[in-house]
Amino acid sequence: MPRLIKDGAIVDDRWTLLREAAVLGDVPAVGAVIVPLALWRMEWGALLARGDVGVWLEPEDDPDALAADIGALPLIAIDFPKFSDGRGYSTARLLREKHKFIGELRAIGDVLRDQLYYMRQCGFNAFAVRSDRNLEDALKGLGDFSDTYQATAARPVPLFRRRAPSAAEPAG
């Protein structure tokens, strides 16, 4: 069974990513699956009734297309086709902040250790690290930095608001 990083731990992946699924017949009858947005939109009713279905978004997909379905989806995956394509970071923030998605938000594709800390700050909680990389090493990437200055999806209060005033600092 494939493994991934989820909620700060390495776990078995019970989901099957269906990258090439174009019609309902491409979806296995049983098991948790992640289908492309285009298939979800075409076969919404049948897939929703089936249960255990997540959706994956390509970089150019609009997360607003899932707005009505946010509460019904246990998992949304965002594809990073190459390391240098950062559109998925914005998509993650929109899903978490604008659409209030609370399920599993998974990064898929060209996902490497150097990205994990920043992806988590944008709202990702699961990472399907590239298969040629070591998961134990990648997991360490979540702790590469101790804190953030700015507000993030993971920590919405900026550092200056989190700091307690020091007794040594004069008031006013």
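Let's see how each residue does on (1) in contact with a Lys or Arg (Cβ under 7 Å, 6 or more places away or on another chain); (2) on the phi > 0 side of the Ramachandran plot; (3) not in a strand (DSSP E or B):
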site: LEU48; (1), (2), (3): no, no, yes
site: ALA77; (1), (2), (3): yes, no, no
site: PHE83; (1), (2), (3): no, no, yes
site: ARG93; (1), (2), (3): no, no, yes
site: ARG96; (1), (2), (3): no, no, yes
site: PHE101; (1), (2), (3): no, no, yes
site: ARG106; (1), (2), (3): no, no, no
site: TYR118; (1), (2), (3): no, no, yes
site: ARG130; (1), (2), (3): no, no, yes
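Name the residue that is most open to solvent (accessible area, probe 1.4 Å), counting only residues in region 53-88 that are touching a Pro at 6+ places or on another chain (Cβ under 7 Å) and not hydrophobic (A, V, I, L, M, F, W, C). That would be ARG87.
Of all residues in region 17-42, none that is modelled with pLDDT of 95 or more has its Cβ atom under 9 Å from the Cβ atom of a residue that is of a type in the set (Ser, Thr, Tyr) and open to solvent by less than 20 Å² (accessible area, probe 1.4 Å), 6 or more apart or on another chain. The numbered conditions (1) open to solvent by less than 40 Å² (accessible area, probe 1.4 Å); (2) touching a helix residue (DSSP H, G or I) at 6+ places or on another chain (Cβ under 9 Å); (3) under 22 Å from ARG96 (Cβ atoms) are all true for ARG41 except (1). Of the listed requirements (1) at pLDDT below 95; (2) within 29 Å of VAL27 (Cβ to Cβ); (3) among the hydroxyl-bearing types (Ser, Thr, Tyr), THR91 misses just one: (1). Go through the residues of region 101-124 one by one and say whether even a single one is out of contact with any Cys (no Cβ under 9 Å at 6 or more places or on another chain), open to solvent by 40 Å² or more (accessible area, probe 1.4 Å) and among the hydroxyl-bearing types (Ser, Thr, Tyr). Taking every residue of region 101-124 in turn, at least one turns out to be out of contact with any Cys (no Cβ under 9 Å at 6 or more places or on another chain), open to solvent by 40 Å² or more (accessible area, probe 1.4 Å) and among the hydroxyl-bearing types (Ser, Thr, Tyr).
The residues of region 37-51 that are more than 15 Å from ILE76 (Cα to Cα) and basic (Lys, Arg) amount to a single one, ARG50.
Considering only residues in region 133-172 that are at pLDDT below 75 and not in a loop (DSSP other than H, G, I, E, B), the one that is nearest to TYR117 (Cα to Cα) turns out to be GLY143.
Do we have ARG106 as at pLDDT 85 or above and within 17 Å of PRO2 (Cα to Cα) here? So ARG106 fits the description; yes. Candidates LYS98, LYS82: the one that is without any contact (Cβ under 8 Å) to a residue 40 or more places away in the chain and under 24 Å from PRO158 (Cβ atoms) is LYS98.
The values are calculated or read from the model by the stated rules, or taken from the named source; none is laboratory data. As the structure is a computational prediction, the values presented were derived from the model and not from experiment. Cβ: placed from backbone, ideal geometry, glycine included. Neighbour counts: every protein chain shown. SASA here: full protein model, heavy atoms, side chains in, ligands and nucleic acids out. Shrake-Rupley method; radii C 1.70, N 1.55, O 1.52, S 1.80 Å.
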